[in-house]
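K.L.:
Have a look at the structure that comes next, please.
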Amino acid sequence: MRQLLKPSTILLALLGGSLSYSQDSIDTLPSYQGFRGVVNTPNAKVQQEGEFELLFTNQVEDLTPSSSLDFRESKDEENYFINMGVLPNLDATLRYSYGENSLNNHPFISDRIINLKYQIPFISKDIVTLAIGTQDLGGTSSYLTSYYAVLSKSIQNIRASIGYAQGDTIAALDGIFGSIEYQPLSWLQLGAEYDTREWNGVVKANYHTTIAQNSSNFGLMAKGSSDYNEFYIGLYANSNFNHPQTNRAWSEFYVSGDHFKPTLTFEPDFILVDGSEYGHMDYTVALNSELSMRLFDHTIISGQYNIPLSMTDNFDEGGIFAYRNRHKTTPNIDQILLSQYLPIDTTYPWISLLQIGRFDKELEGVSLESGVSSPNGNHRVMLKATYLQDDLYTHMDQYMDKNREEKLLSYQYHTERINSNIKLTGGEFLYGDKGVMLGFKRYFTNITLGVDVAYTHHTYKGSNKVGRLTLSMPFGTTKVLKTPYLDIQTGDITYVRRKTLATETETNYAQPLHLNEVDNHFTLESYFLDKKHF
């Protein structure tokens, strides 16, 4: 193995000689691991609060380093990332990686990865920036698990970083790492790093613009390594949605829309299953067309038509995943609802909702919600009771009758500082799982991020710890096209992912029907909180 000057010596000299200079004029861009950094190593920077990013790379991870044969030979890999500035000083990465041997098409990796990084706020950035983080958090098949601390210092258009990582696997960061980033032009950045095993270099081209008042970036990255003669690319796009928001607490209620004037809403219906034992990436995409109309002050009638557009074989009729979307393989009316709101004007705002009709394909019945909040709207208690007849899932092994009952009690707290709701829910969910769920929902401009963890028991599925991620963003413009006889608008595109939270000795599998509740555009939470009709 070649002898190289220790990276710690180089970077400590840079850091030590620059403590008196505080100007920072270098962009903070993504790495090939999702977090802010160079290629495989992080710097101490994090994403801005409310910044969302999509990233793709084709870098093949060196999962079994060897001096005689490089693991990356004859391998192809796809890496998909969602990077988010979740809270002040905290960012998170959700990653899905899939790789195959190009000689025999045998997969060598199919993994979902979570990264977290927290920038310590108690140190003046004029001196140095410090962050701690973890890569490949949890799961039963972790390839890159590591925990690290990193220091960064910027001098004009140069940033130097040094850190230490403790890795749990042979492919993870483990030991001292360091990097240098240099930005000679406003759109061009160069970087070099030592990632505890090899030296890497990268070129990043970044285009900055403003889209719909949101600061946005689009970029291309190209990376090479000293020990492996192969270039890997990366593509990313991000935007910041953290703008001043209306308070999401309940205070007063108003059902919008003119009497007897219909509103037509278009939005996609999207389900994605990645990395299953049945396929690399399965999906179904449909278009929901919803026609709604306000009849009286607190009465809305609505109908929804579902038009399938594209799906993989596993979501088609007879496919292993068809049940996840209630077998919606042909166009059909999957929702017809009468929604009656019953507000009571008291010191403590109180509103109830009665819904009757078809809630989904071959799922009909009645649902009652009631909620009361504190005068300022920051505390809220809600009760939901639902009884439905299910003519579709009668013959599935885990559902032996038609009855679907929902009995839930929840307490919700709104924190204005970060415009978020924290919710504790207990009871029986729609498909028979009983237990408790703790949820966190963060509202950005037009984007909602929800994270739920739950412990539930199901008669046929047993006891499970379940996690759920929900990310919702506008589908097209948020403006309403108004005509004399009809209003036309677009809704949201929503991504939902549920998984069991398993240890290394437990089975980790999806729970697509766990934690399900009656959900449509007119429930109390959807209409009065998520859509700001108050």
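K.L.:
Between region 256-316 and region 69-93, what's the alpha-carbon centroid distance in Å?
P.N.:
30
K.L.:
Determine the relative contact order of region 74-161: mean sequence separation of Cα pairs under 8 Å and six or more apart, normalised by residue count, in whole percent.
P.N.:
The normalised contact order for region 74-161 reaches 19 percent.
K.L.:
Hey, any idea what Rg/Rh is for region 372-481, computing Rh the Kirkwood way over Cα pairs?
P.N.:
Radius of gyration over Kirkwood radius for region 372-481 works out to 1.05.
K.L.:
In whole angstrom, how long is each semi-axis of the equivalent ellipsoid of region 294-372, when you take the square root of 5 times every eigenvalue of its Cα gyration tensor and sort them from largest down?
P.N.:
Over the Cα atoms of region 294-372, the semi-axes work out to 35, 13, 10 Å.
K.L.:
Would you mind checking which residues have amide H under 5 Å from GLY175's amide H? H placed 1.01 Å from N; only 5 or more apart, or other chain.
P.N.:
ALA165, GLN166, GLY167
K.L.:
Would you mind pulling out the separation of the Cα centroids of region 404-451 and region 24-59, in Å?
P.N.:
When both Cα centres are located, 30 Å separates them.
K.L.:
Okay, moving on. Net charge near ASP91, counting Lys/Arg +1 and Asp/Glu -1 over other residues with Cβ under 12 Å of its Cβ?
P.N.:
On the way: positive: ARG36, LYS45, LYS117; negative: GLU49, GLU51, GLU53.
Result for the neighbourhood of ASP91: 0.
K.L.:
Hey, another quick one. Ordered by residue, what ³J(HN,Hα) values in Hz, to whole numbers, does region 36-43 give under the Karplus form 6.51 cos²θ - 1.76 cosθ + 1.60, where θ = phi - 60° and Gly and Pro are x?
P.N.:
5, x, 9, 10, 10, 10, x, 9
K.L.:
Something else: Quick one: net charge of ALA454's neighbours, Cβ under 11 Å, K/R +1, D/E -1?
P.N.:
Taking every Cβ under 11 Å from that of ALA454, the sum is +2.
K.L.:
Using only Cα atoms, locate the centre of region 365-392 and the centre of region 151-220, then give the distance between them in Å, rounded to an integer.
P.N.:
Using only Cα atoms to place each centre, the spacing works out to 47 Å.
K.L.:
Here's a follow-up. Step through the residues of region 297-303 one at a time and calculate ³J(HN,Hα) from phi using the Karplus curve (6.51 cos²θ - 1.76 cosθ + 1.60, θ = phi - 60°), rounding each to whole Hz and writing x for Gly and Pro.
P.N.:
4, 10, 10, 10, 10, 8, x
K.L.:
Quick one: which residues, 5+ away or cross-chain, put their amide H under 5 Å from the amide H of ASP195? H built at 1.01 Å from N.
P.N.:
Placed amide hydrogens put ASN200 under 5 Å from ASP195.
K.L.:
Follow-up question, since we're still on this one. Fully extended, how many nm does the chain gain between THR210 and ASP519 (0.36 nm per residue separation, minus their Cα-Cα distance)?
P.N.:
Taking THR210 through ASP519 to full extension adds about 107.8 nm, to one decimal.
K.L.:
If you don't mind, another one. Counting only C-alpha contacts under 8 Å and six or more residues apart, can you give the relative contact order of region 146-201 as a whole percent? Don't skip to the answer; put the middle values down first.
P.N.:
Details: 111 pairs, mean separation 14.4, N = 56.
Contact order relative to length: 26 percent.
K.L.:
When the helices in the chain are scored as -39500 (n - 2.57) per DSSP H run of 4 or longer and the sum is shared across all residues, what 222 nm value do you end up with, to the nearest 500 deg cm²/dmol?
P.N.:
Helix contribution divided over all residues of the chain: -500 deg cm²/dmol.
K.L.:
I would also like to ask the following. Using the Karplus curve 6.51 cos²θ - 1.76 cosθ + 1.60 with θ = phi - 60°, what ³J(HN,Hα) values do you get for each residue of region 437-452, in whole Hz, with x for Gly and Pro?
P.N.:
9, 10, x, 10, 10, 10, 9, 10, 5, 6, 10, 10, 10, x, 10, 10
K.L.:
Using protein chains only and a probe of 1.4 angstrom, how many square angstrom of HIS298 are accessible, to the nearest 10?
P.N.:
60
K.L.:
So, one more: Hey, what angle do you get for helix 7-16 against the long axis of the chain, alpha-carbon based, 0 to 90 degrees rounded to 10?
P.N.:
Around 80 degrees separate the two axes.
K.L.:
Taking the highest mean first, how do the peptides 159-165, 347-353, 114-120 order by number of other beta carbon atoms within 10 angstrom per residue?
P.N.:
Peptide ranking by packing, descending: 159-165, 114-120, 347-353.
K.L.:
Normalised by the residues of the chain, what does the relative contact order come to in percent, with Cα pairs under 8 Å and at least six apart? All intermediate terms of the calculation are to be shown ahead of the outcome.
P.N.:
On the way: 1402 pairs, mean separation 51.5, N = 534.
Value for the chain: 10 percent.
K.L.:
Rounded to two decimals, what is the ratio between the C-alpha radius of gyration of region 45-137 and 2.2 N^0.38 Å?
P.N.:
Normalised Rg, Cα atoms only: 1.37.
K.L.:
Taking only the alpha-carbon positions of region 333-435 and ignoring solvent, what does the Debye formula give for the base-10 log of I(q)/I(0) at q = 0.16 Å⁻¹?
P.N.:
-0.82
The values are calculated or read from the model by the stated rules, or taken from the named source; none is laboratory data. Quick caveat, the model's predicted, so the values are computed rather than measured. Because the Cβ atoms are built from the backbone with ideal geometry, glycine has one as well, and the counts that use them run over all protein chains shown. Side chains included, ligands, DNA and RNA excluded: accessible areas come from the protein's heavy atoms. Shrake-Rupley method; radii C 1.70, N 1.55, O 1.52, S 1.80 Å.
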